[in-house]
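First comes the structure, then the notes that go with it.
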Amino acid sequence: MADGPSNEVLLDIHERMVRIRIFEEEAGKLMENGKVPGALHLYVGQEAVAAGVMAHLSDADQITSTHRGHGHVVAKGGQFKEMYAELYGRVTGYCKGMGGSMHISNFDIGILGANGIVCGGPPIAVGAAFSNKYRETDQVAVTFFGDGASNEGAFHEAANMAALYKLPCLFVCENNGFGEYTSQKRHQAIRDVADRAAGYGMPGVIVDGMDVIAVYEAAGEAINRARRGEGPTLLECKTYRFYDHVGVRGMGIDYRSDDEVKEWKQRDPIKLLEDRLAEQDVLSNDDAAAVHERVRSEAMEAIAWADASPYPAVENLLDDVYYNGE
Amino acid sequence: MAAATDQATREIPYVKAITEGVQQSLHEFPEAFLAGEDVAVAGSVFGIYKGLLAEFGEKRIVDTPISEAGIVGLGVGAAATGLRPILDIMFMDFLGECMDEVANQMAKMRFMFGGKAKLPVTVLMMGGAGMSMAAQHSQSLEAWLCHLPGLKVMMPTTPYDAKGSIIAAVREENPIFVILNKLSLGITGPVPEEPYAIPIGEAIIRREGSDISVVAIGRMVHEALTAAEELAKDGISLEVIDPRTVQPFDTATVIASVQKTHHAMIVHEAVRFAGIGGEIAAQIQEEAFDYLDAPVARLGAPFAPVPYSPPLEKAYMPDAKRIAATARETLGR
């Protein structure tokens, strides 16, 4: 901790964050221009959380994601082409067009689903962690959820079981201050979701979710603890969504002030990291800009590829309702 | 049977058949485990898991908190990552506590994620009335489950089927519910000692007959057989069909029977309105309309929660008497 992450790790984290930001910026445009159907919940502003945690995970480690799940998939190694194709509802998408934005997922890299149900993920992650322990592997299951999800009954059941069985599990609360359009102070009497950890007998840790290094270090400690068989941790990352609950501009609901948004944008997690990387001579501003440019062109290429992909055939609608043999 | 040394004719109660089905499944699959409330130390409030903790240990027989959503979530996550969970939800009335995990996670995971997930998870639960357990411990909610694409649902009615259904369910690669019946726990019947599986989705004709096809769901099979015995004395012949699996439903066996008898009745313990009897009746009229000599009859519980008071509960559940009366009415005899 004294030395901080290596340059290699810093660059890797930066790359993950930029990939999320650009994926989401372009996804937002696609939604607002009516190019993709459905509702997109965009991750812009929260990049440090997904990137800081995922930098510790291999493909074998599992995560469960949320309705705001694109960022988690990108950070875990999801490819733009298959992701955009999923948003377009095309057969080349990760879920063959059956899931869309809210269920964007890739089982092959340990993503047990993005979930349209608030708090759908934690009980499933606990199951994966149970499986890891049962199979005696060193895999860890990480569940991402919001401040809003921490009010669901399923959260309580999952957290209690994870602690009871000392499972290799990490609960990452992305506290962005809102459950949909309801501010945290209007949906729970506590300020820190991490306070709840004590009630389950697990450590609760709070970090600045806009500071990716802080997230990285706290997540590393919790994940190592889980891998050592010492049980779960509740890691609360204080963060903010720069876009609206749904889409970029959203539905015009008046629930937070422009000043508040502006204030949080002063602490843009990517900007904070890039300033630090420039200061430490790890990545110059020009080199950072080159990363953005490269990722942007990858996104544009992936969007064109997705847009040119075929839709799933209607006759295949029932194919995956049940498993019928490989 | 004085000395039941012959394995094929060994008779054991339904409750023991359940234990044996779970026990043999755990032997068959090292990745299988049993989890639920009071399944380990207590051996289940119904006594269905007695001895399993001693045999398999705490790793594989897992007592859980009273957390139905947590239990089903645990099963979904474990199944998606290579295990073969057997979950116990005790009373099926507790489905309400975990319906999101069942309906939105377990049932949809494979489909939503493009066919990548495989979820070999079995859920065991006890259904049915008749023990004055009142409104929240007596329901027959199979229709809730049958309405969810992605799930399969079995309802074993005999000790033989109880064991064979559990083994079939654990071998199955899709999420599957086995709805056991608490009033049937003491029923005895022949159960082979070796493992065997009831084919999922195949009905069985429990009694052949020529006048009317009676599709009986769950415990109603026994009531229908009693009615058939009674009516036979008057020369009325009931064909009693036990679907055994209600999702997927074996329509073909029912249709073939109706084509022979030209009359049909469906009986279930669940509330009649929007019960699966309505679905079966619709299928019969779609596929065998020209064969029917009378409207399809349906027997089920009245549109009320299950009552506690014994005489009311008795009146609430369809029984052999009402099945016989309805059969006579349908046949005009």
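The values are calculated or read from the model by the stated rules, or taken from the named source; none is laboratory data. Model, not experiment: these values are computed from the prediction. Neighbour counts are summed over all protein chains in view; Cβ atoms, including those assigned to glycine, are modelled from backbone coordinates with ideal geometry. Note: accessible area is taken over every heavy atom of the protein model, side chains too, but ligands, DNA and RNA are not part of it. Shrake-Rupley method; radii C 1.70, N 1.55, O 1.52, S 1.80 Å.
Listed values, structure above:
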{"quantity": "Charge dipole (debye, nearest 20) of the range A:7-311; +1 at Cβ of Lys and Arg, -1 at Cβ of Asp and Glu", "calculated": "880 debye"}
{"quantity": "³J(HN,Hα) computed for each position of the range A:239-251 - Karplus, 6.51 cos²θ - 1.76 cosθ + 1.60, integer Hz, glycine/proline x", "calculated": "9, 7, 9, 6, 8, 7, 4, 10, x, 8, 7, x, 9"}
{"quantity": "Spatial separation of Cα centroids for the range B:129-205 and the range A:40-105, in angstrom", "calculated": "39 Å"}
{"quantity": "The range B:145-269 - share of DSSP beta bridges that are antiparallel (%, nearest 5)", "calculated": "30 percent"}
{"quantity": "For the protein assembly as shown: accessible area per residue (Å², 1.4 Å)", "calculated": "39 Å²"}
{"quantity": "Helix B:159-171 axis, angle to chain B major axis (alpha carbon atoms, nearest 10°)", "calculated": "50 degrees"}
{"quantity": "Rel. contact order, % - alpha carbon contacts under 8 angstrom, at least six apart, chain B", "calculated": "16 percent"}
{"quantity": "Amide hydrogen neighbours beyond the local backbone of residue A:230, cut-off 5 Å, H modeled", "calculated": "none"}
{"quantity": "Rounded FRET efficiency, nearest 0.05, which uses the C-beta distance separating residue B:252 from residue B:303 and R0 of 30 Å", "calculated": "0.45"}
{"quantity": "Pair residue A:135, residue B:233: separation of 7 Å Cα→Cβ label points (nm)", "calculated": "6.1 nm"}
{"quantity": "Positive-pole candidate from B:305, B:209, B:295, dipole of the range B:204-331, charges at beta carbon", "calculated": "B:305"}
{"quantity": "Karplus-derived 3J(HN,Hα), 6.51/-1.76/1.60, for each residue of the range A:184-191, Hz, glycine and proline x", "calculated": "4, 5, 9, 10, 7, 7, 9, 9"}
{"quantity": "Lys, Arg +1 and Asp, Glu -1 on Cβ, resulting dipole of the protein assembly as shown about Cα centre, debye, nearest 20", "calculated": "1160 debye"}
{"quantity": "FRET efficiency, residue A:108 to residue B:273 (Cβ-Cβ, R0 45 Å, nearest 0.05)", "calculated": "0.50"}
{"quantity": "Residue B:104 paired with residue B:333, simple spin-label distance in nm, labels 7 Å along Cα-to-beta-carbon", "calculated": "5.3 nm"}
{"quantity": "The range A:86-153, accessible surface, carbon-and-sulfur percent (1.4 angstrom probe)", "calculated": "50 percent"}
{"quantity": "Relative packing of B:279-287, B:99-107, A:164-172, which averages over residues the other C-beta atoms within 10 Å, highest first", "calculated": "A:164-172, B:99-107, B:279-287"}
{"quantity": "Interface B:A - total buried accessible surface [probe 1.4 Å, Å², rounded to 100]", "calculated": "3500 Å²"}
{"quantity": "Residue-count net charge about residue B:279 - beta-carbon cut-off 15 Å; Lys, Arg +1, Asp, Glu -1", "calculated": "-2"}
{"quantity": "Simple label model, 7 Å out from Cα along Cβ direction - residue A:190 to residue B:147, nm", "calculated": "3.6 nm"}
{"quantity": "³J(HN,Hα) computed for each position of the range B:116-127 - Karplus, 6.51 cos²θ - 1.76 cosθ + 1.60, integer Hz, glycine/proline x", "calculated": "7, 7, 10, 10, x, 10, 10, 10, 9, 8, 10, x"}
{"quantity": "Kirkwood Rh and Cα Rg combined as Rg over Rh, evaluated for chain B", "calculated": "0.97"}
{"quantity": "Angle in degrees between helix B:251-261 and the longest Cα principal axis of chain B, rounded to the nearest 10", "calculated": "20 degrees"}
{"quantity": "The range B:1-152, relative contact order [Cα under 8 Å, separation at least 6], %", "calculated": "19 percent"}
{"quantity": "Options B:248, A:48, A:242, ranked by Cα towards positive dipole end of the protein assembly as shown, top entry (Cβ charges)", "calculated": "B:248"}
{"quantity": "Total formal charge among the other residues, if their Cβ is under 10 angstrom from that of residue A:132, Lys/Arg +1 and Asp/Glu -1", "calculated": "0"}
{"quantity": "Net +/- balance of residues flanking residue A:157 in space, Cβ distance below 10 Å, scoring K and R +1, D and E -1", "calculated": "-4"}
{"quantity": "Heavy-atom accessible surface of chain B: percent carbon and sulfur, 1.4 Å", "calculated": "55 percent"}
{"quantity": "Euclidean distance between Cα centres, the range B:264-293 to the range A:216-267, Å", "calculated": "53 Å"}
{"quantity": "Value of [θ]222 nm, deg cm²/dmol, for the protein assembly as shown, DSSP H segments ≥ 4, -39500 (n - 2.57) each, nearest 500", "calculated": "-12000 deg cm²/dmol"}
{"quantity": "Percentage relative contact order, the range B:204-331, counting C-alpha pairs under 8 Å, at least six apart", "calculated": "29 percent"}
{"quantity": "Distance violations [Cα-Cα > 26 Å] among A:81/B:118; B:152/B:260; A:76/B:116; B:16/B:118; B:16/B:59", "calculated": "B:152/B:260; B:16/B:118"}
{"quantity": "With Cα atoms, 0 to 90° folded angle of helix B:220-232 axis to chain B main axis", "calculated": "30 degrees"}
{"quantity": "Spherically averaged projected area of the protein assembly as shown from its Cα convex hull (nm²)", "calculated": "32.6 nm²"}
{"quantity": "Overall form of the range A:7-311 per C-alpha gyration tensor (a/c, 1.5; a/b vs b/c)", "calculated": "rounded"}
